[in-house]
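Q: Here it is: the structure, laid out below.
The values are calculated or read from the model by the stated rules, or taken from the named source; none is laboratory data. Because the structure is predicted, anything quoted here is derived from the model rather than measured. FYI the Cβ positions are ideal-geometry reconstructions off the backbone, even for glycines, and counts take in every protein chain you see.
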């Protein structure tokens, strides 16, 4: 199959993506509170539609820096991959937010820490896909969660697994910020849809913009 033509989101259509992100943040915050018994705020302050080659710039980490990645495939009416990326140090801080700080911090993640990070990844991605479905009518659901560590470059390559990289012309990149009281940390959450899924999302976004303007 040949290279897909690049699609363009207008400012109004990108606003729709931001609204989806806001709904996702609200849903995820509620779900985290129900599971953990305490309120951890999730904010998605910015949404970008970026070219794949510019992804390392938006991640703002050295390509060889060690990071933690929470990876899920997206199935259903949309196909792609979702990946949450945290610097290794921030992944420990997030675990502290989730299950409480420990007097001694291991250099590697414990089983309970890995489980906590996977649960966060599942909640955030599921919330995003639920919001996407609510806004666009496109049904999508996540696979089981996998957690991996390595260089930022290797994790970016993982995000394209199962997809034709030459057809992935746009990436929806979402900044994620978790906070509880005075502690906060930032991660990157991005979704790579195949060309057909991006075209469907754009079509739905255009339709919603037109409805708002009528």
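Q: Please go through segment 1-13 and pick out each residue that is loosely packed, with under 13 Cβ neighbours inside 10 Å and modelled with pLDDT of 75 or more.
A: Answer for segment 1-13, where residues must be loosely packed, with under 13 Cβ neighbours inside 10 Å and modelled with pLDDT of 75 or more: 10, 11.
Q: Going by what's in this entry, would residue 137 be described as over 18 Å from the mean Cα position of the chain (by Cα), closer than 28 Å to residue 18 by Cβ and at pLDDT 85 or above?
A: Values: over 18 Å from the mean Cα position of the chain (by Cα): yes; closer than 28 Å to residue 18 by Cβ: yes; at pLDDT 85 or above: yes.
Taking the combined requirement at face value, the residue satisfies it.
Q: Please enumerate the residues belonging to segment 55-92 that are surrounded by fewer than 22 Cβ atoms within 10 Å (Cβ to Cβ) and assigned to a loop (DSSP other than H, G, I, E, B).
A: Hits for segment 55-92 are 60, 61, 62, 63, 64, 65, 77, 79.
Yes/no matrix, rows are residues, columns are (1) at pLDDT 80 or above; (2) touching a strand residue (DSSP E or B) at 6+ places or on another chain (Cβ under 8 Å); (3) under 28 Å from residue 151 (Cα atoms); (4) surrounded by 18 or more Cβ atoms within 10 Å (Cβ to Cβ):
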| position | (1), (2), (3), (4) |
| --- | --- |
| 15 | yes, no, no, no |
| 18 | yes, yes, no, no |
| 34 | yes, no, no, no |
| 37 | no, no, no, no |
| 44 | no, yes, yes, yes |
| 53 | no, no, yes, no |
